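Taking it in order: structure first as structure tokens, then the write-up.
The values are calculated or read from the model by the stated rules, or taken from the named source; none is laboratory data. Note that this is a predicted model, so its numbers are computed, not measured. Positions of Cβ are generated from backbone atoms using ideal geometry, with glycine treated the same way; all protein chains shown enter the neighbour counts. Quick note on the areas: whole protein, heavy atoms, side chains included, nothing else; ligands and nucleic acids left out. Shrake-Rupley method; radii C 1.70, N 1.55, O 1.52, S 1.80 Å.
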Amino acid sequence: MSWSRGSWRSKQLLHIPEYSDPVKLRGAEDRLKTYPPLVFAGEVRQLKTALARAADGQAFLLQGGDCAETFDDFHTHTIRDTFRVLLQMSLIFTFVGEKPVVKIGRVAGQFAKPRSAAVETVNGEEMVTYRGDMINSPTPTVADRTPDPERMIRAYFQSAATLNLLRAFAGGGYADLFRAGRWLLDFVGSSAVREKYENLAAGINKTLGVMRAYSQPDAPELIPAAHKVDYYSSHEALFLPYEEALARNDSLTGDPVATSAHYLWLGERTRGLDSPQVEFLRGVINPVGIKVGPTAEPSELERLMERINPENEKGRITLILRAGVDKAEKSYKRIMRELKNSGRNILWAVDPMHGNPKNDGSGVKTRMFSDILRESIIFIDTCRAEGVIPGGLHLEMTGKNVTECLGGSDRVEDLSYNYATQCDPRLNASQSLELAFAFSEHLVNTEPPPPPHPTSGRF
Ligand code: PEP
Ligand code: CO
């Protein structure tokens, strides 16, 4: 089973549309192949090391962002606000759990979506379904829905500009812990959550102040690591012409690396052993997430992990469980029970969004905050009961004051107030922080006691 960047092409294509002009598609791919990588092999390895720590319970993975990025909603403030909420959530996790948080955005490449139907009929006309801005336009006309290879190039440049901004935010002062209080400036939402966050930020400032007072005035920087953060990019590895065109070989080791993002995941619909997406991902060194829905069989997951990670490298695989609140307990218990003794290194995470679709009665897609919270708690409890480490949380969220998920202490009841998603409903800033508090507090409250000190045996 030899692997090459293009070996996925021998598989039956899944969720990859046909292009009417293959020459134009090839032309766009050839251009992308000459463009600079968006991320670098060293960063990818550093992330894998951080995820290995999360698998061991020494860190926590927080991954979040839009269901899908779009060309229309490409704005500095959108990128900044989602980044800021992820930082705030990460601060909550660190403050409550006293562990580092590995921060990954669903960003800078999340432009392709799996769809259950290839075509649909709108106003009597049959057209290709919308598959994400990298492929076609959501506008329901035959022309706009026709897959256009130039969109791949546009997605690349938007991703490059997005990453450029995020790199500046992460390293250039915005993410400085000493500014944690000021990240509140544009905070909107529930006063209860706000107050909790303000207390936390004040606590951090106080601690930093005390440490500063104890340091020598001319001493080197007190906590150099507090002035910047590591922030990584991720998306679903769905549209393989783009992924293949951005695959490179690490100049130091020769290893193939996907440079479209640091972290790539397999969707619930494309994680079959023989899918082209699995074929592509097994050959690159990046960390890989696997979405796991309620019908997944433990034995099939084991074979999948064997295929993607034959050397059982820690940090390489995250299982992102997403069974939905009603099926979560049974599904998680079975998977954890069977896989925990398999010897496989797994980072266990939960996506409490995708198994909980609802509609508001008039056909608008939503999710209940209470379902999202409940599935998160079930995940933690089941991990504890089965003796595995709850190591990560994967969310669809935004820094904007949207009303897409119902409930939360803000009591979102009217979706029409600000329903902005092209795709799935996202948590807004206040709901995201509320979930971060509840999740991290439950993590800490259920933490097993440390093992007793080994006795010398003499007494
Ligand atoms: C997603 O994360 O946007 C998604 C489509 O998830 P899943 O594959 O788990 O349904
Ligand atoms: Co989604």
Exercise. Cα-Cα pairs above 37 Å in the chain: how many percent?
Worked result: 25
For this session: Starting from the Cα gyration tensor of region 309-355, take the square roots of the eigenvalues, sort them a ≥ b ≥ c, and report rounded, prolate or oblate (rounded when a/c is under 1.5, otherwise prolate if a/b is larger than b/c, else oblate).
Result: oblate
Problem set entry | Links that overshoot a 25 Å alpha carbon limit, given the list 11/330; 196/333; 196/400; 48/400; 48/228; 11/365 | 11/330; 196/333; 48/400; 11/365
Seminar exercise, completed: Whole-Hz Karplus couplings 3J(HN,Hα) for region 93-106, θ = phi - 60° and coefficients 6.51, -1.76, 1.60, Gly and Pro as x, run 4, 5, 5, 6, x, 6, 9, x, 10, 8, 9, 10, x, 7
Exercise. Let a ≥ b ≥ c be the square roots of the eigenvalues of the Cα gyration tensor of region 50-144; is it rounded (a/c under 1.5), or, if not, prolate (a/b larger than b/c) or oblate?
Worked result: prolate
Exercise. For the charge dipole of region 193-286, defined by +1 on Lys and Arg C-beta atoms and -1 on Asp and Glu C-beta atoms about the Cα centroid, which residue among 275, 264, 208 has the Cα displaced farthest towards the positive pole?
Worked result: 208
For this session: Take every Cα-Cα distance within region 293-413, group them into 5 Å bins from 0 onward, and report for each bin the whole-number percent of pairs it holds.
Result: 2, 11, 20, 21, 17, 12, 8, 6, 3, 0
Seminar exercise, completed: For the chain, averaging the sequence separation of alpha carbon pairs under 8 Å that lie six or more residues apart and dividing by its residue count, the contact order in percent is 21
Seminar exercise, completed: Free-by-geometry Cys in the chain, Cβ-Cβ under 4.7 Å as pairing rule, reported as 383, 405
For this session: State, to one decimal in nm, how far the label point of residue 206 lies from the label point of residue 447, with both points 7 Å from Cα in the Cβ direction.
Result: 2.0
Exercise. Distance in nm between label sites at residue 33 and residue 139, each 7 Å beyond Cα in the beta-carbon direction?
Worked result: 3.2
For this session: Quick one: angle between helix 191-214 and the longest Cα principal axis of the chain, in degrees between 0 and 90, rounded to 10, please.
Result: 60
Exercise. In sequence order, what are the phi-derived ³J(HN,Hα) couplings for region 275-286 according to the Karplus relation 6.51 cos²θ - 1.76 cosθ + 1.60 with θ = phi - 60°, rounded to whole Hz, with x for glycine and proline?
Worked result: 6, x, 5, 5, 4, 5, 5, 5, x, 9, 7, 4
For this session: Tell me which residues come under 5 Å, amide H to amide H, from residue 236 once H is placed; ignore anything under 5 positions away on its chain.
Result: 265
For this session: Determine the calculated [θ] at 222 nm for the chain from helices alone, applying -39500 (n - 2.57) to every DSSP H run no shorter than 4 residues and normalising by the residue count; nearest 500 deg cm²/dmol.
Result: -12000 deg cm²/dmol
Problem set entry | Inter-part distance where region 55-106 and region 288-312 are each reduced to a Cα centre, Å | 25
Problem set entry | Exposure ranking of 9, 248 by accessible area [1.4 Å probe, largest first] | 9, 248
Seminar exercise, completed: Of all DSSP beta bridges with both partners in the chain, the antiparallel percent, nearest 5, is 25
For this session: Can you list which of the trypsin sites (Lys or Arg not before Pro) found in region 382-459 are DSSP loop residues with at most 13 other C-beta atoms within 10 Å?
Result: 411, 458
For this session: Kindly provide the GluC sites (Glu not before Pro) of region 366-459 that DSSP labels as loop, not H, G, I, E or B, and whose Cβ sees at most 13 other Cβ atoms within 10 Å.
Result: 413
Exercise. Separation of region 26-50 and region 124-181 by C-alpha centroid, Å?
Worked result: 17
